[in-house]
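Here the structure comes first, spelled out in structure tokens, and everything after it is commentary.
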Amino acid sequence: MAHGNEPIAPVPLNSNIDPRRAALGRQLFHDSRLSHDQKYSCATCHPLDHGGMDGLPVAKSPVGGSDLRNTLTVFNVDLNASYNWDGITNNLTDHTARILENPRLMNMSEAELLSRIRGDSGYMAAFQSAYPQGLTRASVLDAIASFERSLLTPNSRFDRFLRGDVDALSGEEKEGYRLFKAYGCVSCHQGINMGGNLYQKFGVFEEKIPGERSPLDSGRFRITKAPRDRHVFRVPSLRNVAVTAPYFHDGREPELKEAVKTMAKAQLGRRLREDEIDRIVAFLKTLTGKYRGKILAGPPSGNSEDE
């Protein structure tokens, strides 16, 4: 296996998920009845045909508000060690519950949630088939989380390269990967998901980064109240990064090339040459994987990579 000595491993080709539970979770994921006003579903912010995210700088809340963050993709979510930009939980089922019950998001109580599902005979039969206990709060959360765990995007060209296909990448893309490692990008963006398992301050070498909203987002400090966590965020995955613009926690940057330039200066203290940036971007575009056998597409304004 070519990835044996690499800091990155390929996305698994299959998920070991109960297909009945994943199918039930898929139905729930797309059902707007899971929101209090019956206007929003999980897929509203995480459309699977648009990179698993909404393509907006920051998420839209049914009740409004200006302190929301950029929507992270739901693809490969099971490969993360924690969730949200601030790592509020490391349990996907708990994260699902937080989304459903958050008054600024789905705003659903347990009683209302179960009552709506009980009114659907198809759901009731599916829960009886998939879960010994039938319909419960726990089984609803598990079904949604099971579906989300199934949302892997394997077989990117980079993954094929890691599996031993040395011709899967061009010379420019291989050079971009070399620079990605040599300049230290891989120190945070490593592992199977190329991120999602570490926390880092946004602005290690530059305290004020152009374009950041004011007042500054306190990051993980919101959760821990520890001074060391001020402006610290969970490092996002780079999987499918070419189709999940805009970038950063506040969605300030619509262009991947500019995002790379910002990261080099703010996080690594480096000013890269234009040709180096272009090669790294070329490499990053090889990270777009497949979902249900098709190369992942981004939001309408995004640019997906050709097969």
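The values are calculated or read from the model by the stated rules, or taken from the named source; none is laboratory data. Since the structure is predicted, the reported quantities are computational estimates derived from the model, not experimental observations. FYI the Cβ positions are ideal-geometry reconstructions off the backbone, even for glycines, and counts take in every protein chain you see. To get the accessible areas, we keep the full protein, side chains included, count just its heavy atoms, and leave off ligands, DNA and RNA. Shrake-Rupley method; radii C 1.70, N 1.55, O 1.52, S 1.80 Å.
For every other residue with a beta carbon closer than 11 angstrom to the beta carbon of residue 16, add +1 if it is Lys or Arg and -1 if Asp or Glu, then tell me the sum. Within the 11 Å Cβ shell, the charges total -1.
Residues with beta-carbon under 12 Å from that of residue 246, excluding residue 246: net charge, scoring Lys, Arg +1 and Asp, Glu -1?
Working: positive: 69, 252; negative: 54, 250, 253, 255, 258.
With Lys, Arg at +1 and Asp, Glu at -1, the neighbours total -3.
If Rh is defined by the Kirkwood formula over all Cα pairs and Rg also comes from Cα, what ratio Rg/Rh do you get for segment 149-255? Please list the in-between numbers first.
Details: Rg = 16.2 Å, Rh = 15.9 Å.
That ratio is 1.02, to two decimals.
Annotation: per residue accessible area for segment 1-160 equals 44 Å², rounded to a whole number [probe 1.4 Å, protein chains only].
Accessible surface of the chain, 1.4 Å probe: 50 percent of it comes from carbon and sulfur atoms. Largest GNM mean-square fluctuation across 22, 143, 226, computed for the chain with C-alpha springs under 10 Å, falls on 226. The residue 115 and residue 18 beta-carbon pair, evaluated with R₀ = 30 Å, returns a calculated FRET efficiency of approximately 0.75.
Under 5 Å from the amide H of residue 219 lie the amide H atoms of 231, each residue being 5 or more positions distant or on a separate chain, with H modelled from the backbone and absent for Pro and chain starts. In loop segments of segment 1-100 as defined by DSSP, the trypsin sites (Lys or Arg not before Pro) with at most 14 further C-beta atoms inside 10 Å of their C-beta are 39, 60.
Suppose only helical runs count, i.e. DSSP H with n ≥ 4. What mean residue ellipticity at 222 nm does that imply for the chain under -39500 (n - 2.57) per run, divided by all residues and rounded to the nearest 500 deg cm²/dmol? Only helices count here, giving -9500 deg cm²/dmol. For segment 166-267, trypsin sites (Lys or Arg not before Pro) meeting the loop criterion (DSSP other than H, G, I, E, B) and having at most 11 other Cβ atoms within 10 Å: 208, 225. Summing +1 for each Lys or Arg and -1 for each Asp or Glu among the other residues whose beta-carbon sits under 13 angstrom from that of residue 31 gives +3.
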